[in-house]
1. Tell me, what ³J(HN,Hα) does each residue in segment 90-96 have, in order and in whole Hz, if you take phi through Karplus 6.51 cos²θ - 1.76 cosθ + 1.60 with θ = phi - 60° and put x for Gly and Pro?
2. How much length would be gained if the chain were fully extended between Leu305 and Gln40, taking 0.36 nm per residue of separation minus their Cα-Cα distance, in nm to one decimal?
3. Sequence neighbours fewer than 8 away in the same chain don't count; with that in mind, list the lysines whose C-alpha is under 28 Å from Lys41.
4. Please give the Cα centre distance for segment 36-73 versus segment 368-409, rounded to the nearest Å.
5. Which of the trypsin sites (Lys or Arg not before Pro) found in segment 144-251 are loop residues per DSSP with 12 or fewer other Cβ atoms within 10 Å of their Cβ?
6. Counting heavy atoms of the protein chains only and a 1.4 Å probe, report the per residue accessible area for segment 29-127 as a whole number of Å².
7. Express the C-alpha Rg of segment 385-449 as a ratio against the empirical globular expectation 2.2 N^0.38 Å, rounded to two decimals.
8. Carbon-plus-sulfur fraction of the accessible area of the chain, 1.4 Å probe, in percent?
Amino acid sequence: MFRRIAISCLLATMALDATAHTRPRYGGTLRIEIEGDPWQKPDGLARRLLLDGLTAMSPDGSVQPALAVEWKPENDDHRWQFRLRAGVHFHDGTALNSNNVVASLTAICGAGCPWNSVRAVGTSVVFLSDGPLSNLPELLAEDQFRIALSGVETGTVPAGTVGTGPFQFASFSNGTLTLAANENCWQGRAFLDAVEIHAHRSIRDQWLDLSVGRADVVEVPAEQLRQAHDQRLNMVVSGPVSLLALAVSDSGALANPNLRAAIALAVDRGALSNVIFQKQGEITGSLLPAEVTGYSFLFSSDRDLNKAHELRGGVSPPTLTLVADGGPVMQLAAQRIALNLHDAGFNVQVANWGTPQHVDLTLRQITLESSEPGPALESILRAAGVAIPVLEQTPAGLYKVERQILDTHTVIPLLYLPRAYAVGGRVRDLRLGFDGAPRLDGVSLEDAP
């Protein structure tokens, strides 16, 4: 009997030790290093930690309540009413209300908003539009529509960025942005005391800092996933959520639709995938991935130089300017595309981002922001600068719209790439959202005090 009791006590003690080891702990500072700017749109990490939207995307890509607890459409989706969550405060103590939400949304996009007007009605925010806004709840979950305290409604402008998110601005010094936990966050306090974001760090320096314990979370570009695996880095990797696309001007020399079609046929997606991005991601001829629509196989991604020459018809347009939005790998991809187009009879000059006054071709990555086909297509078109038509929310209707847009050859989808991060040994429960961005709401540190 005593032996059984002793064994039972030992097992109970082991269970408690295991629970203590895995139970999240409060405290500590998470150190993150990135190549870009933590404030950049559309998916700057600092913006996600400081600001909330009226709605949010769950890890599976579906829309869920955030600063708004419920919403309802009226008049065939021409009018929407979003009721705000009670008891929410900005980091400076200002209460969230419909007036400061309207002021924030107006400051974001002004006359260029997807809706015609937005106004405060009691504890609700009302959106009005001449056309139906069937995807408005998903749209408001996008990064660009996160709510910041603008001060317009009170005649003051608060210092720094003030939001309602789980972290708030603490300091910025020597390229390091420090965010402190929001003790009164409506979502509950984060486990971490603080987050340090070290910006503009090269991938080489990020990995070095991770290896010596100076960083906890670092980036792993798609083209270096295999190298990271060989180095046995502990990684979290998303699905294919980043669309590599070529935006094509429809003015100047490229006002000729046959020339745009020739460009689309001249790009060698296989070479981009195999040579530049080291066989990571998926070749695509569609704007939306197969996982979202199921019909992407209907769009060809094959290269056809003979057809490209035929469409060009002997026309020799002036030298085209191509720019890439991104770092050295995006520049290499742009150089590869320039060679592809040279094979089809085009002369292309690759210029630095922001340098030329007129740009004919723009290479960029666009993040997939929803698992719902309609909202996902709408956000991609908006990011690509393409006019958004009325979307019929059926597979056949969405296919028809996507086909019409791709037939203009003003945006050419090339690859869908994953997003990935390497994580240090003391980090617990780091997960990626549907869009591949790190979610820090449940992250804790094993060595937290």
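The values are calculated or read from the model by the stated rules, or taken from the named source; none is laboratory data. If you're wondering where the values come from, they're calculated on a predicted model, not measured in any experiment. With ideal geometry, Cβ positions are generated from the backbone for all residues, glycine too; neighbour counts draw on all protein chains shown. Surface areas here come from the heavy atoms of the whole protein model, side chains and all, with no ligands, DNA or RNA. Shrake-Rupley method; radii C 1.70, N 1.55, O 1.52, S 1.80 Å.
1. 6, 4, 8, x, 5, 6, 5
2. Details: separation 265, 0.36 × 265 = 95.40 nm, distance 3.77 nm.
91.6 nm is the gain from fully extending Leu305 to Gln40.
3. Partners found: Lys279.
4. Rounded to whole Å, the Cα centres lie 21 Å apart.
5. Values: sites: Arg146, Arg189, Arg201, Arg204, Arg214, Arg226, Arg232; in loops: Arg146, Arg189, Arg201, Arg214, Arg232.
When the trypsin sites (Lys or Arg not before Pro) of segment 144-251 are filtered for loop state and at most 12 Cβ neighbours within 10 Å, Arg232 remain.
6. Details: 4210 Å² over 99 residues.
Value returned for segment 29-127: 43 Å² of accessible area per residue.
7. Numbers: Rg = 19.8 Å, N = 65, 2.2 N^0.38 = 10.7 Å.
Dividing the Cα radius of gyration by 2.2 N^0.38 Å gives 1.85.
8. Details: 10540 of 20710 Å².
Solvent-exposed carbon and sulfur of the chain make up 51 percent of the total.
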